[in-house]
Amino acid sequence: MSLPNTDPPSYQHLGFDDVRLWLADEASGESVRQQFQVLHPGDNFSEINLRFTRIAEIETLIDFSNNFQISHYENLHEILRLLALSGSTLYPDNLIAIHNILEQSRKLKKVYLQSEPGEDSVWTKTFEKIVALQDIEKDILHTIGPDGEVLDTASKTLSALRRKIRKSAGLVRSRMADLVRKYGESGYLNETQAGIKAGRLVLPVISSYKHKVKGVIQDMSNTGTTSFIEPFEIIELNNEIKTIENEEQQEIQRILRELSAKLHDRHPTIRINYEMLELLDFHLALAKFGKTFACTLPILSEDGSFKLKTARNPRLALQRKVVPLELEMGHEIKTLIITGPNAGGKTVALKTIGLLTLMANAGIPVPAAEGSIIPFVDKLFSDIGDQQSLVDDLSTFSAHMANIIEILENASSRSLVLLDELGTGTDPAEGAALARSILETLSDRGVKTVATTHLGDLKVYAHEAVNVMNGAMEFDQSGLKPTYRFQAGVPGSSYGFEISKRLGLSEKILEVARGYVGWTRDSMEKLLRSLEAERLSLSGLKSDNADLQRELKMKQLRIDSALESVQKAERKADRQAAKQAGQIISDARQTVEKVIRQIRESQAGKENIKTVRSTLDQVEAHLEAVIEASEEPLKLEKLMPEDIRKGMQVTVLSLDQPGVILEDPVKGKILVEVDGKRLRIPVEWLGKGPTQKLEAAQATVIVNSTEKSGSGYSLDLRGYRAEAAIEELSRFLDQAVLNNLTIMQIIHGKGTGIIKKVVHEVLEKHPAVKEKHLGGLDEGGAGVTFVQLK
């Protein structure tokens with residue numbers, strides 16, 4: 001976006017000035033505050049997206065450590081300009097300001113490195129430029145105190161001079177006390193203690209005795225009865241102190257020159273550290289603003305697409321609870337016409353669209369939900385409110401038209417135009433014709449335009465024209481009040497008669513007015529109201545249907561779980577039956593052996609005996625294999641890190657599933673393909689690939705995600721600590737993905753809410769989770785979270 005010399009009126013009308021002031025308040029340095037006060041939308045698409053990426057990483061660093069903060073620091077631009085000059089001397093407060101910059105930049109870099117940023121971090125180069133100058137920091141702390149005084153420790157000479165000053169000052173006070181006592185006892189003094197005149201210790205001598213005291217008269221009282229005399233011997237001691245103080249100042253100047261020379265040699269590094277701190281302060285302020293107003297980072301579109309999800313106007317959000325704006329305009333839609341009742345929220349919606357567009361194009365987080373899309377524009381034009389100019393002798397209509405003419409002359413296909421109450425202020429028929437012509441002109445140029453109106457002809461135009469969309473602010477017909485919710489694709493009625501009736505206008509006047517409206521207009525308004533009522537009814541049915549489908553899915557899952565339990569019971573029964581069969585065979589073997597003995601005794605053939613025994617062996621071996629496969633625990637050995645190779649067949653121990661390694665380990669984690677799905681898991685979860693015996697047995701092994709869950713779609717985390725709950729939930733989710741589950745329940749209980757919090761944090765970050773919600777009153781309430789996977 002271009003950077004004009006003066007702010008356009010839209011900045012004030014839309015509230016962008018307020019946003020800049022809020023950002024300035026979040027900044028820690030005066031120079032960054034000044035940057036925010038003149039912040040404008042940018043004209044470089046890549047730079048704006050880079051700013052969003054930087055803000056996202058700053059938010060991660062804030063969450064990583066509470067120490068990633070910046071406290072107040074001084075504007076160093078003038079100090080650095082002076083420091084660049086050889087032989088310059090900085091004042092103590094300048095040195096304190098530099099120490100603050102060096103210390104803060106060093107600590108921020110330390111936190112950044114502790115966070116172990118990835119190779120693709122956008123802040124890597126910035127922090128590489130920050131160089132710790134701890135030797136300079138120590139020199140400043142050794143020399144300058146917190147109040148800006150040069151410390152005794154700055155040099156041995158300075159320390160010695162100050163000891164002399166303190167000793168001489170003590171002598172002056174002691175000698176003065178002796179003189180006060182001496183002349184007081186003689187009755188020469190008006191008071192019993194010494195005074196100070198012009199910064200010097202004096203004796204308050206009665207003027208009639210001034211010749212009794214040897215010294216210099218420094219002052220006299222207004223009445224002339226008291227002469228303030230500095231004794232000669234005190235003058236000599238004070239002069240000695242002045243001489244030492246001059247030497248002290250010379251030593252201080254020498255120390256400051258020497259320290260300034262050290263800083264001069266490191267001037268380029270100090271400047272870079274300061275500039276990097278300013279850059280961090282700028283983005284940290286944006287991140288803190290985003291947290292204050294519950295903002296997210298929008299997606300900037302180059303094709304004009306708009307998608308605002310639960311968008312809020314920050315100015316209104318500070319004053320009262322607001323109804324979020326839900327709005328979507330595809331790139332093919334060039335014009336949106338918003339209609340609806342007065343005070344129904346049309347202008348607020350228009351201003352919210354405009355303000356969030358300015359914010360997004362300036363690289364500022366917007367108060368809207370994740371996934372909001374805002375177009376990248378070259379200019380934003382607005383005609384909002386009564387801009388009638390008494391100075392220029394312009395009527396309301398003329399002022400609006402003059403503004404619109406300027407917009408038509410300057411708007412491009414990459415501009416956004418906002419028009420409030422288009423076509424008002426003149427004859428309705430002419431106003432509607434002009435408004436339609438203006439909108440058609442802007443649409444033909446490809447200009448993204450949002451307009452509000454009460455004119456019925458424009459509702460018809462939006463319904464018939466290509467690339468034009470109707471929109472309405474919802475109205476509660478039963479309560480005769482606006483809901484402030486935006487409805488796309490439908491025109492809205494103005495509800496003028498209904499609102500007037502609610503406000504108290506007589507029914508007689510309304511009846512006469514309805515007669516003047518005309519049959520066609522009245523029919524159209526009735527149709528609009530009927531459509532609105534039907535839409536609300538369908539919306540309610542849709543919501544009920546969604547609830548019913550969700551309930552049916554949960555019931556289906558419960559049935560599937562019950563079926564699985566039955567199947568397990570059947571398998572258990574099969575194993576018991578196999579044991580019984582084994583016993584039967586054993587008994588049969590004893591019987592047959594007895595028969596064989598009888599046969600042998602009766603001289604039967606050996607082949608017959610061999611055939612009988614072989615048959616018995618086969619049956620017994622088969623039964624033993626079944627029992628062994630169903631009961632014998634699978635013995636899997638963990639893989640050593642040095643044995644891991646790409647393409648290797650492994651067993652994921654936590655899931656008890658075979659898998660293939662896809663890449664080498666990175667920071668203790670590895671990418672594995674399991675049942676066609678890719679999972680990144682800890683290396684210690686890997687075991688050696690299954691043996692032939694294991695593969696044969698796996699057909700009879702049933703893997704349950706958790707023993708405590710009680711069913712395949714449910715996980716019970718009650719009694720777990722937070723870390724154990726996170727690990728158990730992660731395994732459960734991975735197992736659910738492998739088993740193609742779509743809905744499950746997590747039982748975390750109510751308690752202190754800690755387990756519920758960590759569960760929701762894991763669910764919000766897990767890529768397979770589509771949505772989550774707490775259980776209903778008959779489903780466990782806040783103690784249960786239902787999860788739907790993608």
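The values are calculated or read from the model by the stated rules, or taken from the named source; none is laboratory data. The shown structure was predicted, so the numbers you read here are calculated from the model rather than taken from an experiment. Neighbour counts are summed over all protein chains in view; Cβ atoms, including those assigned to glycine, are modelled from backbone coordinates with ideal geometry. Surface accessibility is based on the protein's heavy atoms, side chains included, excluding ligands, DNA and RNA. Shrake-Rupley method; radii C 1.70, N 1.55, O 1.52, S 1.80 Å.
The residues listed here are 54, 33; of these, the one that is among the basic types (Lys, Arg), surrounded by 15 or more Cβ atoms within 10 Å (Cβ to Cβ), assigned to a helix (DSSP H, G or I) and without any contact (Cβ under 8 Å) to a residue 12 or more places away in the chain is 33. For segment 391-411, the condition holds for no residue, the condition being that it is open to solvent by less than 30 Å² (accessible area, probe 1.4 Å), closer than 30 Å to residue 288 by Cβ, modelled with pLDDT of 85 or more and not acidic (Asp, Glu). Report, by residue number, each residue of segment 138-179 that is open to solvent by 20 Å² or more (accessible area, probe 1.4 Å), hydrophobic (A, V, I, L, M, F, W, C) and farther than 28 Å from residue 234 by Cβ. Those that are open to solvent by 20 Å² or more (accessible area, probe 1.4 Å), hydrophobic (A, V, I, L, M, F, W, C) and farther than 28 Å from residue 234 by Cβ: 141, 151, 154.
Within segment 285-307, restricting attention to residues that are modelled with pLDDT under 95 and farther than 25 Å from residue 378 by Cα, the residue that is least open to solvent (accessible area, probe 1.4 Å) is 293.
Among the residues of segment 443-472, the one identified as within 24 Å of residue 352 (Cβ to Cβ), β-branched (Val, Ile, Thr) and open to solvent by 10 Å² or more (accessible area, probe 1.4 Å) is 468. Working only within segment 473-503, note down all residues that are at pLDDT 80 or above and either open to solvent by 60 Å² or more (accessible area, probe 1.4 Å) or touching an Asp or Glu at 6+ places or on another chain (Cβ under 8 Å) (or both). 474, 483, 484, 485, 486, 487, 488 - these are the residues of segment 473-503 that are at pLDDT 80 or above and either open to solvent by 60 Å² or more (accessible area, probe 1.4 Å) or touching an Asp or Glu at 6+ places or on another chain (Cβ under 8 Å) (or both).
As an exercise: evaluate residue 222 against (1) in contact with a strand residue (DSSP E or B) (Cβ under 9 Å, 6 or more places away or on another chain); (2) open to solvent by 30 Å² or more (accessible area, probe 1.4 Å); (3) not in a helix (DSSP H, G or I) and give the number of the one condition it does not meet. It is condition (1) that residue 222 fails. The single residue among 642, 637, 632 that is at pLDDT below 80 and in contact with a helix residue (DSSP H, G or I) (Cβ under 8 Å, 6 or more places away or on another chain) turns out to be 632. Please determine whether any residue of segment 435-443 is more than 14 Å from residue 404 (Cβ to Cβ) and of a type in the set (Asp, Glu). No - not one qualifying residue is present in segment 435-443.
Filtering 88, 71 for residues that are of a type outside the set (A, V, I, L, M), open to solvent by 50 Å² or more (accessible area, probe 1.4 Å), part of a loop (DSSP other than H, G, I, E, B) and closer than 30 Å to residue 257 by Cα leaves a single hit, 71.
So, residue 334, is that one under 30 Å from residue 290 (Cβ atoms) and under 40 Å from the mean Cα position of the chain (by Cα) or not? In short, no. With respect to residue 129, determine if the residue is more than 13 Å from residue 272 (Cβ to Cβ) and open to solvent by 60 Å² or more (accessible area, probe 1.4 Å). Against the criterion (more than 13 Å from residue 272 (Cβ to Cβ) and open to solvent by 60 Å² or more (accessible area, probe 1.4 Å)), residue 129 does not qualify. Count of segment 324-351 residues, restricted to those that are assigned to a loop (DSSP other than H, G, I, E, B), open to solvent by less than 60 Å² (accessible area, probe 1.4 Å) and either over 22 Å from residue 464 (Cβ atoms) or not β-branched (Val, Ile, Thr) (or both), is 7.
In the set 258, 233, 251, only one residue is open to solvent by less than 80 Å² (accessible area, probe 1.4 Å) and at pLDDT 90 or above; that residue is 251. Contact map, segment 441-453: residues that are touching a residue at least 40 places away in the same chain (Cβ under 8 Å) paired with residues that are among the charged types (D, E, K, R) and open to solvent by 20 Å² or more (accessible area, probe 1.4 Å), Cβ distance under 7 Å, separation 6+ or inter-chain. Pairs shown: 443/334; 446/334; 447/334; 448/334; 449/334; 452/421; 453/421. Evaluate the following for residue 105: is it among the small types (Gly, Ala, Ser) and either closer than 18 Å to residue 72 by Cα or open to solvent by 30 Å² or more (accessible area, probe 1.4 Å) (or both)? For residue 105, the condition - among the small types (Gly, Ala, Ser) and either closer than 18 Å to residue 72 by Cα or open to solvent by 30 Å² or more (accessible area, probe 1.4 Å) (or both) - is met. Scanning segment 752-765 for residues that are open to solvent by 70 Å² or more (accessible area, probe 1.4 Å), farther than 11 Å from residue 722 by Cβ and either in contact with a Lys or Arg (Cβ under 7 Å, 6 or more places away or on another chain) or in contact (Cβ under 8 Å) with a residue 12 or more places away in the chain (or both) yields nothing. Test residue 190 against the criterion of being within 20 Å of residue 74 (Cβ to Cβ), surrounded by 15 or more Cβ atoms within 10 Å (Cβ to Cβ) and polar (S, T, N, Q), and give yes or no. Spelling it out, it is not the case that residue 190 is within 20 Å of residue 74 (Cβ to Cβ), surrounded by 15 or more Cβ atoms within 10 Å (Cβ to Cβ) and polar (S, T, N, Q). Within segment 365-378, residues that are touching a residue at least 24 places away in the same chain (Cβ under 8 Å) and under 22 Å from residue 57 (Cβ atoms) reach partners that are among the acidic types (Asp, Glu) and surrounded by fewer than 21 Cβ atoms within 10 Å (Cβ to Cβ) with beta carbons closer than 6 Å, at six or more positions or on different chains, in the pairs 376/302.
All conditions in (1) open to solvent by 40 Å² or more (accessible area, probe 1.4 Å); (2) farther than 30 Å from residue 141 by Cβ; (3) modelled with pLDDT of 90 or more; (4) not β-branched (Val, Ile, Thr) hold for residue 203, with the sole exception of (1). Listed by first and then second residue, the pairs with beta-carbon distance under 7 Å, at least 6 apart or on different chains, first residue in segment 180-192 and within 11 Å of residue 209 (Cβ to Cβ), second open to solvent by less than 100 Å² (accessible area, probe 1.4 Å) and part of a loop (DSSP other than H, G, I, E, B), are 183/213; 188/213. Hey, does segment 265-282 have a residue that's closer than 30 Å to residue 446 by Cα, in contact with a helix residue (DSSP H, G or I) (Cβ under 7 Å, 6 or more places away or on another chain) and among the charged types (D, E, K, R)? Scanning segment 265-282 turns up no residue that is closer than 30 Å to residue 446 by Cα, in contact with a helix residue (DSSP H, G or I) (Cβ under 7 Å, 6 or more places away or on another chain) and among the charged types (D, E, K, R).
For segment 261-278, the condition holds for no residue, the condition being that it is assigned to a loop (DSSP other than H, G, I, E, B), under 30 Å from residue 354 (Cβ atoms) and open to solvent by 20 Å² or more (accessible area, probe 1.4 Å).
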